[in-house]
Amino acid sequence: MDIMRRHFVKGCAAASVALPAFPAFAASPTAVVGKTAPDIEKSIKASFGGGFSLKAHAQAGGQTYANIEHAGNWYAVASENLLDWTIVQSSLG
Amino acid sequence: MAEDIKSIRIHPGIGMARLGNSDEFFIGPEAPGIVVDPGGKNGPGPNGGSYRDSKMQLKRQAQRFRVYAYDANGKVLAELNSDNVQSMRWRVHVRNMKAANYAFQGAYLFDPDKLRNPGIQPGLKPIERTQLIIDPGVQTIASGQTTPVVMQGDVFTGIDKGTLPGQLRFEGFTPKDPSKPVEVTYKPAKGIELGQLHLDSKDRLLFVAAPGKSECVTTPKVALSNPSETVNPPNGPNNGEDPLTNQFAYFNVPGWWDDTCGGEIDVTVTLKDGTVLSTRDNVKTATDEGTRNPHAGAWIVTAPPKYAPHMYHVVSILDRVYEAFPESYPNAGKTTNFYRDIYPLFVSAVNYGWVSAQAAGVTSETKDAAHGPRQPGNLLSKEYMAAFTDPSENSEPAREMVYNLMRHADGPNGRLVDSLMPPPPARPTSFKNPEFKREVEDFKMPKLWGTGGKPEQNKELGNDLPDQFLSLTNLQLQHIKEWSEGNFEVGVPLKPVPLEQLPLGEQPRALDESALEPTIGGGFHPGIEFPYLIIYREFFAEAFRVNKGIEPGSLSAYMSSPWQGDFWSCNTAWWPTQRPDIVFEYDKTKQTRTYKEWFRGYDEKGEPLSSTDGYDQMLYAWPKLGMVLPVKNADGSDVKDDDETVYAEFERDPALSRPPATKQSKQ
């Protein structure tokens, strides 16, 4: 988790935007477990397009949070079912 | 009236119908600038119609053909229909000749010695390879006939087995030694629908395109793919000599058919006094076959859907018609009018910023420097428009800046056709002349790929070709030049006028133009509705009229076979007004936008649609993908941001957002 968070912060810096911090994964007793990075990456590509890549992710409170990137643009996104994602914040303004 | 009529002609001269997997259809545009409503209700269409039926299937777009009577001086006397004639008998002959045609390897690299499906009926001309042609034969529909005529044909007939290159990708089969040919068996495809003929309430012809099916007839099946990406990249085995396995392989996939078509439309009319008039020569009675008169008969082309119906490509097939036949250009010799000749180009350019990542200014190369709202390329901003509509010297620098940014086609005449002579089926050679050697001007506009293909791809293959970026036609550029020099009138914004409100004499041209206005006139690699053959006068009797001797299906045969592979492949800066690259979600409150790729979702196997190898996935996805349409305010007006119309995605089939297993578990 810490490693993922560091990647996330580094990515944010590269994009020169402040993205919302993920909720603390360990703090939630209802955290979704068992969803691996490949599961999430697959869902991200299906939902946003194959050119989007997963840069970081976390799961907490029944939600999956992810930082994704496309052509230098960053989105912070959230989903409770790995099918429908909401863009929480974006480097596009 | 009968005694004054000297000829009849069908309009549009070249019609355009579009595929859809629904049985329902709507009629395409019949006057320039009109975006038609697809019918139905509670949808995002211009009048609240829906592009999908109740089963979420995509409606087909039909082309209506009308008949006009002319006097000896070429004056339009009347539209002939059931109101003023005894009967009308329409005659239609379309074909799909793709599987029989020459391989497509880029217009400049055309090689008449390379055929598609080369092992079947080798050594014959395309028209002679009858086993590979879907030909429903001549079909007719006449007054009083209430049931549609479904035009069907067979293909890959009478072929038992053959061999294909082992480097191809096969479904469920991997050759042990790809260097050796693979034996395949063929099963003929029968009863393929190429389209339907209907009559409207006044006996005008409605040509309805096919349902958009495609299939491979071989066992094992050849996967729709580009084998050169994995076998001896970048150009495939044998130094790229085989169009079945080289970098152009996805245009020429063996064993495949699709249900697009092209061909001739004629009509014989019996007036109320019994006089028989026909668009064909040597017709004496209503049922005479006669011979084709290319000046009077029409042509139909069927093509994939246009997913952004409000947006026009900056160069359309209409522009190519006038490039080839400048004597028919209606505004020749007229003073350049800003709102008629310049403003539509700017609208088109800015609209790309809602379907193309590069034009939107969201890629690293164009970040905040393209056509999006508040970006320097927003040509519709108030500041620009104030300057652009000011003919005084004060605004000349702004106008000159625009003109100097425009690319001209290579060669002294600035015409694409000059570098592609002689026409197919001869091998083009003129592009090798020194006059066509020029540095690729990648900083100029439009920044869309051209008929020469992508520069990166050409560099990889060692090809030095002209027209690797799209250029406007000379007629378009001449208007921009006149405008930049202050030689223009401002005019007023054009308001599209429906056909029925136009004066009779203006209706034929309105029909001719409106069918071709929402089309792609470059880059032709090979095109998406009509191939690059549209640039040659030789194939036309006059503007909008396909020439005598052109076989039904023979022009469209130069398109990708099947079309879906090319449609997937052209996912960056080709023709985003038909096939969007990206789509935006727009936040009205914050005036911010985020984008996704247009081609996204799950395929039928539950795999994400790919941005790097989705050739075969387009077969499943195309009727489910979304439409890109203007976002509306509560009062029905378009939402604007920085004077740009805001576009977003509508009517995407939700099934595309769910893997099949999830769909099943919900049922």
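The values are calculated or read from the model by the stated rules, or taken from the named source; none is laboratory data. The model shown is predicted, which means the values in this text are computed figures rather than measured ones. Ideal geometry is used to build each Cβ from the backbone, glycine not excepted, and the neighbour counts take in all protein chains shown.
Regarding segment B:327-335, can at least one residue be identified that is under 25 Å from the mean Cα position of the chain (by Cα) and not in a loop (DSSP other than H, G, I, E, B)? Yes - at least one qualifying residue is present in segment B:327-335.
When B:Arg320, B:Arg374 are screened for being touching a helix residue (DSSP H, G or I) at 6+ places or on another chain (Cβ under 7 Å) and among the basic types (Lys, Arg), only B:Arg320 passes. A:Lys55 - would you say it is facing chain B (nearest Cβ under 10 Å), modelled with pLDDT of 95 or more and out of contact with any Leu (no Cβ under 8 Å at 6 or more places or on another chain)? The answer is no for A:Lys55.
Considering segment B:1-30, the residues that are among the aliphatic types (A, V, I, L, M) and within 18 Å of the chain's Cα centre (by Cα) include one that is farthest from B:Asp71 (Cα to Cα), namely B:Leu19. The residues of segment B:346-380 that are over 26 Å from B:Phe650 (Cβ atoms) and more than 12 Å from chain A (Cβ to nearest Cβ), listed by number, are B:Ala369, B:Pro376.
Working carefully through the options B:Arg399, B:Arg407, find the one that is at pLDDT 95 or above, under 23 Å from B:Thr473 (Cβ atoms) and touching an Asp or Glu at 6+ places or on another chain (Cβ under 6 Å). Answer to the check: B:Arg407. Against the test of being within 11 Å of chain A (Cβ to nearest Cβ) and either in a strand (DSSP E or B) or of a type outside the set (D, E, K, R) (or both), the options B:Ser611, B:Ser554 yield a single qualifying residue, B:Ser611. The strands (runs of 3 or more DSSP E) found entirely in segment B:1-109 that carry 1 or more residues being crowded, with 19+ Cβ neighbours inside 10 Å, aromatic (Phe, Trp, Tyr) and modelled with pLDDT of 95 or more are B:25-27, B:60-70, B:85-95. Per the conditions (1) within 11 Å of another protein chain (Cβ to nearest Cβ); (2) closer than 24 Å to B:Thr612 by Cα; (3) in contact with a Lys or Arg (Cβ under 9 Å, 6 or more places away or on another chain), the sole criterion not satisfied by A:Ala66 is (1). Cβ contacts < 6 Å: first residue assigned to a loop (DSSP other than H, G, I, E, B), restricted to segment B:349-377; second residue β-branched (Val, Ile, Thr), any location; separation 6+ or different chain. Result? Qualifying pairs under 6 Å: B:Val355/B:Val628; B:His371/B:Val350. Of all the numbered requirements in (1) surrounded by 21 or more Cβ atoms within 10 Å (Cβ to Cβ); (2) of a type in the set (A, V, I, L, M); (3) in contact with a His (Cβ under 7 Å, 6 or more places away or on another chain); (4) under 28 Å from B:Lys125 (Cα atoms), B:Ala541 misses one, and that requirement is (1). Closer than 18 Å to A:Gly50 by Cβ and either more than 14 Å from chain A (Cβ to nearest Cβ) or of a type outside the set (Asp, Glu) (or both): does that describe B:Tyr620? Yes.
Per-residue answers, yes or no, for (1) assigned to a loop (DSSP other than H, G, I, E, B); (2) exposed (fewer than 14 other Cβ atoms within 10 Å of the Cβ); (3) out of contact with any Phe, Trp or Tyr (no Cβ under 6 Å at 6 or more places or on another chain):
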{"position": "B:Ser395", "(1), (2), (3)": "no, no, yes"}
{"position": "B:Ser419", "(1), (2), (3)": "no, no, no"}
{"position": "B:Lys447", "(1), (2), (3)": "yes, no, yes"}
{"position": "B:Gly453", "(1), (2), (3)": "yes, no, yes"}
{"position": "B:Glu456", "(1), (2), (3)": "no, yes, yes"}
{"position": "B:Lys459", "(1), (2), (3)": "no, yes, yes"}
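Condition test on B:Thr519, is it among the hydroxyl-bearing types (Ser, Thr, Tyr) and in contact with a strand residue (DSSP E or B) (Cβ under 7 Å, 6 or more places away or on another chain)? It is true that B:Thr519 is among the hydroxyl-bearing types (Ser, Thr, Tyr) and in contact with a strand residue (DSSP E or B) (Cβ under 7 Å, 6 or more places away or on another chain). Taking residues in segment B:196-214 that are farther than 16 Å from B:Thr268 by Cα, and partners anywhere that are of a type in the set (Lys, Arg) and assigned to a loop (DSSP other than H, G, I, E, B), not one pair has Cβ atoms closer than 7 Å while being at least 6 places apart or on different chains.
Yes/no per residue for (1) crowded, with 18+ Cβ neighbours inside 10 Å; (2) of a type in the set (Ser, Thr, Tyr):
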residue	(1), (2)
B:Asp258	yes, no
B:Cys261	yes, no
B:Glu289	no, no
B:Asn293	yes, no
B:Ser328	no, yes
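The number of residues in segment B:152-179 that are more than 35 Å from the chain's Cα centre (by Cα) and surrounded by 14 or more Cβ atoms within 10 Å (Cβ to Cβ) comes to 2.
Taking every residue in segment B:403-421 that is without any contact (Cβ under 8 Å) to a residue 12 or more places away in the chain and pairing it with any residue that is in a helix (DSSP H, G or I) and surrounded by fewer than 19 Cβ atoms within 10 Å (Cβ to Cβ), at least 6 positions away or on another chain, the pairs with Cβ-Cβ distances below 8 Å are B:Met421/B:Ser430. Taken across segment B:585-607, residues that are without any contact (Cβ under 8 Å) to a residue 40 or more places away in the chain, more than 9 Å from chain A (Cβ to nearest Cβ), farther than 29 Å from B:Pro376 by Cβ and surrounded by fewer than 15 Cβ atoms within 10 Å (Cβ to Cβ) do not occur at all.
Checked against (1) closer than 23 Å to B:Gly523 by Cα; (2) part of a helix (DSSP H, G or I), B:Pro243 passes all but a single condition, namely (2).
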